Structure formats: structure tokens, C-alpha cells
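These notes concern the structure reproduced below.
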Amino acid sequence: MSTPTSPSSALAPPATFLSVQDGTLCEFCRDDELIQPIRTRALSDLIQSSRYCELCERWLRALEHSQQDVGDVTLVFLSSPERPKVAWPHIGHVWAALDTIDIDDAKDINLKPLPGSDQGETTWKSVREWLDRCDKHHQDCKHKKTSAWKPTQLLHVCNTQAALQVRLVESQDIPDGAEYLTLSHCPGAGGTLQLTLSNIEAFKSSIPVDELSRVFIDACNTAKRLSHDYLWIDALCIIQDGPADW
């Protein structure tokens, strides 16, 4: 296999651009030491991570574009102080490289601007993908408990595009196996609205969202954006003046 000293224009893959918001990155590509003089990686690792890592997928596409069977080789990532670059400089006639470009120059190369808020759909789509990956691929995360135990009460968050709607539901009205989120918060951050014997029946109909603290509203909106119907918050799911709940 020959080793040229410069990339072959005939085999060069088409230029593509990637911004962080276009997708998620694997641990290798997220590593702070990615831009280092020399790093190595097995091709088999690249193929596996390309299933969910946008950057690996582009590098793998560059290899496939070369139409050469390079086998399970070790890929060498190089960078130069003058112009940081991640590359497989020479694997036969294959050339693939990543240049780092200042975000201020994005308009010149048609990169999408970063979102002005972390509450946009792009952010929540990434979070949902991360959680889904945990459930499917992480041994500890995808472990499902078989216990049928459920809290005495949970908050039901209405998952529609309408205004936030929250109500209290009891365990017998919660489907078996239903998943729920739990909020852990600092004492005092929940405000004054609490579940008591005097308002429990009203809470089953509707909880006044405008009386919830900012922390609780954010928790409810998070459950809503992650498509979870149920949420547990101690102050709203435990009867504060009912000893039976404690």
C-alpha cells in the first residue's frame, strides 16, 4: 500500500461542516485532549461510535469514500501548533481531516449559530437521546427493577402543547410499571405551597401552577419536555400534616 505525502484530490471526500448542536459526540470526541500532538484509536471503535456520534460518522464516511478496505487499523490523530487539526494523514490513499474554526467565522462557512437559549427543542432532543442511550446501552442504567411498589401520590404532568397542567394522583390510579421523575431540592426552595389534608381533594383536580415556586415549575416543565407523565416532589406528594404519610 502506497503512502503519499499529500491528500489525493480524486479521493478527497466532500467538505462538510458540523456544529455541536447538530448532534451528540462520543467520549473520545468530547475529550479535552482531543487536540493533542498524537492520539490513536482503533477503526473498530470508530465504527461503533459512529452510530451516534456525528463527528465519527463524518470521519467514517471519509474512509468509505476512499473505497479502500483498510482493515482494523489504528488511526492516528495529529495536530500542529500553527493550525490545530485532527487527521488520519495517510492510510493508503485515504485523507480525512478536521479543522477547528472560530465560531465568529460561522457565517462565512454557513455554520448554524448556537441557540440563544438552552430551552430550545435542540437541547431537549439531545437530552432525550442521551437518556435513551443510557436505557439501551449502559449496563447499570438499563437495569429495570421489577418491584411493583409505587409512591402513595405522584404529580401527573399533562404532556400537551397547551399551558402547564399539574394534578395529584394516587397510587391506585397510576399504571403498573409507570416511570416517574424525582426532584431533589434545597429546603425552602419549594415556596409555601404544600400538600395538606385540607387541599388534597382540590389538588386531585388541579394544582394552581401560578402558586408553585420557580424550582417546582422548572421540574414540571422538565418532565413535560422529557415526555414523562409523572413527577415526585416531597412537598406536593407527601401530606405535610398527615402522620400516615410520614
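The values are calculated or read from the model by the stated rules, or taken from the named source; none is laboratory data. Because the structure is a prediction, the values reported are computed rather than measured. FYI the Cβ positions are ideal-geometry reconstructions off the backbone, even for glycines, and counts take in every protein chain you see.
Given the condition assigned by TED's automatic domain parsing to the domain that holds residue 227 and either closer than 14 Å to residue 230 by Cα or under 31 Å from the mean Cα position of the chain (by Cα) (or both), answer yes or no: does some residue in segment 194-205 qualify?
Checked segment 194-205: at least one residue is assigned by TED's automatic domain parsing to the domain that holds residue 227 and either closer than 14 Å to residue 230 by Cα or under 31 Å from the mean Cα position of the chain (by Cα) (or both).
Taking segment 192-229, which residues are touching an Asp or Glu at 6+ places or on another chain (Cβ under 7 Å) and closer than 20 Å to residue 182 by Cβ?
If the condition is that a residue be touching an Asp or Glu at 6+ places or on another chain (Cβ under 7 Å) and closer than 20 Å to residue 182 by Cβ, then 193, 228 are the ones that fit.
Looking for something aliphatic (A, V, I, L, M) and at pLDDT below 85 - is there at least one such residue anywhere in segment 150-159?
no
Provide a single number: the residues in segment 112-129 that are at pLDDT below 70, surrounded by 11 or more Cβ atoms within 10 Å (Cβ to Cβ) and out of contact with any Ser or Thr (no Cβ under 9 Å at 6 or more places or on another chain).
Within segment 112-129, residues that are at pLDDT below 70, surrounded by 11 or more Cβ atoms within 10 Å (Cβ to Cβ) and out of contact with any Ser or Thr (no Cβ under 9 Å at 6 or more places or on another chain) number 0.
Would you mind stating whether residue 171 is outside the structural domain of residue 135 (by TED's automatic domain parsing), in contact with a Lys or Arg (Cβ under 6 Å, 6 or more places away or on another chain) and more than 26 Å from residue 119 (Cα to Cα)?
Yes; evaluated as a whole, the condition is true for this residue.
Are there any pairs, at least 6 apart or on different chains, whose C-beta atoms fall under 7 Å, with the first in segment 176-195 and more than 9 Å from residue 234 (Cβ to Cβ) and of a type in the set (Asp, Glu) and the second part of a loop (DSSP other than H, G, I, E, B) and at pLDDT 80 or above, and if so, which?
Close Cβ pairs (under 7 Å, with a partner that is part of a loop (DSSP other than H, G, I, E, B) and at pLDDT 80 or above) amount to 179/228.
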